[in-house]
1. Identify the residue in the stretch 134-143 that is touching a strand residue (DSSP E or B) at 6+ places or on another chain (Cβ under 9 Å) and either of a type in the set (Val, Ile, Thr) or in a loop (DSSP other than H, G, I, E, B) (or both) and, among all such residues, is most open to solvent (accessible area, probe 1.4 Å).
2. Val168 fails exactly one of the following numbered conditions: (1) part of a helix (DSSP H, G or I); (2) hydrophobic (A, V, I, L, M, F, W, C); (3) surrounded by 17 or more Cβ atoms within 10 Å (Cβ to Cβ). What is the number of that condition?
3. With respect to Leu131, determine if the residue is part of a helix (DSSP H, G or I) and more than 20 Å from the chain's Cα centre (by Cα).
4. Would you check if there is a residue in the stretch 235-244 being at pLDDT below 95, touching a Leu at 6+ places or on another chain (Cβ under 9 Å) and buried (at least 16 other Cβ atoms within 10 Å of the Cβ)?
5. Spot the failing condition for Lys267; the list is (1) closer than 22 Å to His40 by Cβ; (2) surrounded by fewer than 24 Cβ atoms within 10 Å (Cβ to Cβ); (3) free of Cβ contacts under 8 Å to residues at least 60 places away in the same chain, and only one is missed.
6. Looking at the structure I just gave you, is Thr227 open to solvent by 10 Å² or more (accessible area, probe 1.4 Å), over 18 Å from the mean Cα position of the chain (by Cα) and polar (S, T, N, Q)?
7. Could you grab me the full set of residues in the stretch 89-100 that are assigned to a helix (DSSP H, G or I) and of a type outside the set (Lys, Arg)?
Amino acid sequence: MSTASDPAVPGRGAEETAGNGLKVAYWPGCVSRGFTPELHGSMALVAERLGIELVELDRANCCGAGVIAEHNQELVDALNARTFALAQKTGLSMMNICSTCQGAQSECQQRLDADGAYREHINEILADEGLEYKKGIDNKNFLWLLVEDYGLERLAAEVKRPLTGLRVGPFYGCYILRPKHRLNYAEHPDRDLYMERVIETLGGEVVEYDGARKCCGFPVITLNRDTSLRQAGTHIGDALDAGADCLVTPCPLCHLNLDLQQPEAAKVVNRDLGLAVLHLPQLVGLALGYEPKELGMGTHVASTEWVVERLAEGPAEAAEAATTSA
């Protein structure tokens with residue numbers, strides 16, 4: 001992994017490089033380098049195995065996560081314009097691994113791109129750093145890039161450990177689903193099905209349950225903790241009732257509410273939970289042949305041992321176990 005402070009090379013966006021890989025300006029976000037370092041580490045491993053070169057935006061800043069915008073819209077737009085400008089200096093398209101970042105940044109980009117005078121005003125704030133945001137950056141969550149730019153056929157060819165017998169519930173979260181007009185669903189109308197397609201490509205079985213496309217509750221945890229934990233606990237319980245072995249999410253903030261807060265959520269919904277919640281790069285990494293320890297799965301609050309055991313079973317044993325649990 002290189003950094004954006006390295007000498008810039010003229011980029012091709014999310015196009016294939018001469019080595020038949022992808023090269024992107026990579027924004028890992030705050031949470032993956034703080035509360036969930038296993039996500040940041042897993043993404044680095046997966047990118048290496050898939051031949052995706054990550055040029056890390058090591059000087060980029062917080063997206064605001066929708067919180068700063070409630071108090072100071074100009075500040076959050078300047079912060080995100082700064083990140084966009086740093087990405088544009090690399091000559092590459094931008095990739096993130098946080099769907100909350102995707103949502104917050106897409107909202108800011110919509111305002112900046114729609115109003116040239118406002119964009120000029122924001123660029124005056126950035127001028128002291130020699131930065132300027134030019135209208136029209138391509139910024140994609142890893143999930144989107146994996147399907148649209150890398151390709152599922154190509155991903156399937158890299159699978160070393162098919163997730164046979166593993167029943168996986170997708171948990172999208174809000175910010176890569178809504179609002180569709182801001183997230184370019186007009187061009188990519190199936191983005192709300194990408195998680196299922198990735199799971200199937202990796203050899204897993206998709207579990208359908210009620211909460212897959214609902215809010216995890218994290219945005220309100222400081223305002224109404226009981227409501228937040230009830231949302232998380234209800235979704236986890238629904239997935240368990242549907243027979244899931246684990247959940248997978250492209251959002252580290254969803255992961256915090258579904259994994260870190262799971263013991264407290266269990267108290268609120270008054271039932272046993274204990275369902276593993278994986279980051280998307282961890283699930284991909286397992287199928288690519290990495291060991292759970294390499295992917296930091298032992299750092300989770302909800303035990304991932306059942307996932308490890310299920311993957312250790314042969315296809316016949318996994319099928320028998322799935323039938324028994326059903």
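1. Asp138
2. (1)
3. No; evaluated as a whole, the condition is false for this residue.
4. no
5. Looking at each condition in turn, Lys267 falls short on (1).
6. yes
7. Scanning the stretch 89-100 gives Thr90, Ser99, Thr100.
Residue by residue, here is whether (1) on the phi < 0 side of the Ramachandran plot; (2) part of a helix (DSSP H, G or I); (3) touching a strand residue (DSSP E or B) at 6+ places or on another chain (Cβ under 6 Å) holds:
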site: Cys254; (1), (2), (3): yes, yes, no
site: Asp259; (1), (2), (3): yes, yes, yes
site: Ala265; (1), (2), (3): yes, yes, no
site: Val268; (1), (2), (3): yes, yes, no
site: Arg271; (1), (2), (3): yes, no, no
site: Gly274; (1), (2), (3): no, no, no
site: Val277; (1), (2), (3): yes, no, yes
site: Val284; (1), (2), (3): yes, yes, no
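The values are calculated or read from the model by the stated rules, or taken from the named source; none is laboratory data. Computed from a prediction, not measured in an experiment: that's the story for all the values here. Methodologically, a virtual Cβ is constructed for each residue, glycine included, from the backbone with ideal geometry; neighbour enumeration extends over all protein chains shown. Accessible surface areas use protein heavy atoms only, side chains included; no ligands, DNA or RNA. Shrake-Rupley method; radii C 1.70, N 1.55, O 1.52, S 1.80 Å.
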